[in-house]
1. If Ser76 satisfies all but one of (1) polar (S, T, N, Q); (2) part of a helix (DSSP H, G or I); (3) within 16 Å of the ligand (Cβ to nearest atom), what's the number of the condition it fails?
2. Suppose we filter Pro89, Pro56, Pro69 for residues that are part of a loop (DSSP other than H, G, I, E, B), at pLDDT 95 or above and either open to solvent by less than 50 Å² (accessible area, probe 1.4 Å) or touching a Lys or Arg at 6+ places or on another chain (Cβ under 8 Å) (or both); which single one remains?
3. Taking the residues in segment 171-202 that are within 16 Å of the ligand (Cβ to nearest atom) and more than 21 Å from Ile80 (Cα to Cα) as candidates, determine which candidate is least open to solvent (accessible area, probe 1.4 Å).
4. Return the only residue of Leu46, Leu62, Leu33, Leu4 being aliphatic (A, V, I, L, M) and within 8 Å of the ligand (Cβ to nearest atom).
5. Report the residue count in segment 69-97 for those that are more than 29 Å from Thr139 (Cβ to Cβ), without any contact (Cβ under 8 Å) to a residue 60 or more places away in the chain and β-branched (Val, Ile, Thr).
6. Taking segment 116-129, which residues are at pLDDT 95 or above, aliphatic (A, V, I, L, M) and part of a helix (DSSP H, G or I)?
7. I want to confirm something. Restricting to segment 111-133 and keeping residues that are of a type in the set (Gly, Ala, Ser) and either without any contact (Cβ under 8 Å) to a residue 24 or more places away in the chain or under 11 Å from Leu96 (Cβ atoms) (or both), which single residue is surrounded by the fewest Cβ atoms within 10 Å (Cβ to Cβ)?
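The values are calculated or read from the model by the stated rules, or taken from the named source; none is laboratory data. What you see is a predicted model, and the numbers here were worked out from it, not measured in a lab. Every residue, glycine as well, gets a Cβ built from its backbone with ideal geometry; the counts of neighbours run over all protein chains shown. For the accessible areas, the whole protein counts, side chains as well, though only heavy atoms, and no ligand, DNA or RNA atoms are used. Shrake-Rupley method; radii C 1.70, N 1.55, O 1.52, S 1.80 Å.
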Amino acid sequence: MTTLLQVRQVTRRFGGITAVSDVSFDMFQGEVLGLMGANGAGKTTLFSMIAGNVAPSSGQILFEGKAVPARPDQASRLGIARTFQIVRPFPGMTVLENCMVGALYGSGRERDLNQARRICEGILEEVGLSAQMFKAAATLTLAGRKRLEIARALSTHPRLLLLDEVLAGLNASEVDEALALIEEIRQRHSLSIIIIEHVMKVLMRMSHRIVVLHEGKKLMEGTPSQVGSDPRVIKAYLGEK
Ligand code: ATP
């Protein structure tokens with residue numbers, strides 16, 4: 001197994017709050033890694049550090065052996081893309097134009113408008129949005145906006161995709177469709193994926209391994225069945241037994 005990402009003793013403080021505290025783990029190429037933890041456990045802050053949106057206060061994050069710079073454009077050039085918990089496409093721009101912004105500016109590759117357009121036409125087809133391509137992004141349903149968010153991330157040609165609650169707010173059949181889509185794009189684009197998801201059942205179903213955060217610290221990591229049967233996880237995360 002090839003190591004893709006190394007998170008080494010990473011801490012992030014915001015004023016007096018330690019959002020992430022001395023967290024370490026490795027991730028392998030091709031893996032789907034789940035990040036589990038209650039509200040405020042530090043999941044999004046960890047994502048933001050991996051994606052270069054936030055600098056660690058201490059510790060180091062290595063992607064394919066290279067330090068991830070605390071600049072999202074540079075992290076994107078290394079091959080890391082993220083989606084955001086709250087999806088905010090440019091509402092007045094079309095679905096296609098929203099995707100093209102990622103294709104043009106996110107990948108660090110020289111692309112002209114025509115290339116960006118061709119790339120996005122293909123990706124929007126893949127995520128099931130080709131019929132809405134020329135509609136304003138504001139007209140999309142929540143499920144559609146989440147698909148657009150995935151398309152935008154894919155347009156930067158990532159090798160590591162960070163999915164922050166892409167299933168939240170979707171109904172049961174939309175969740176099933178989104179799960180099938182994620183698996184499809186994972187295989188087609190040879191992606192490794194880290195996923196934050198509050199619905200435990202879904203996280204268990206999707207992840208090869210899970211890292212559990214509790215109050216900023218890593219509580220444990222393991223396979224879904226190891227995590228699901230661990231008394232510390234049940235106590236801290238499920239709050240029962
Ligand atoms: P949720 O599931 O609610 O999204 P989370 O596990 O993603 O939570 P974070 O959003 O990473 O947790 O937050 C961890 C802690 O850090 C929280 O106490 C939060 O209030 C704090 N925090 C996060 N970002 C900031 C910031 N920019 N400034 C100050 N405090 C922050």
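1. (3)
2. Pro56
3. Val202
4. Leu46
5. 0
6. Within segment 116-129, Ile123, Leu124 qualify.
7. So, considering only residues that are of a type in the set (Gly, Ala, Ser) and either without any contact (Cβ under 8 Å) to a residue 24 or more places away in the chain or under 11 Å from Leu96 (Cβ atoms) (or both), the one surrounded by the fewest Cβ atoms within 10 Å (Cβ to Cβ) is Ala131.
Residues checked against (1) under 19 Å from Phe47 (Cβ atoms); (2) in a loop (DSSP other than H, G, I, E, B):
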| residue | (1), (2) |
| --- | --- |
| Asn98 | no, no |
| Arg111 | no, yes |
| Asn114 | no, no |
| Ala131 | no, no |
| Glu149 | yes, no |
| Val166 | yes, yes |
| Leu179 | no, no |
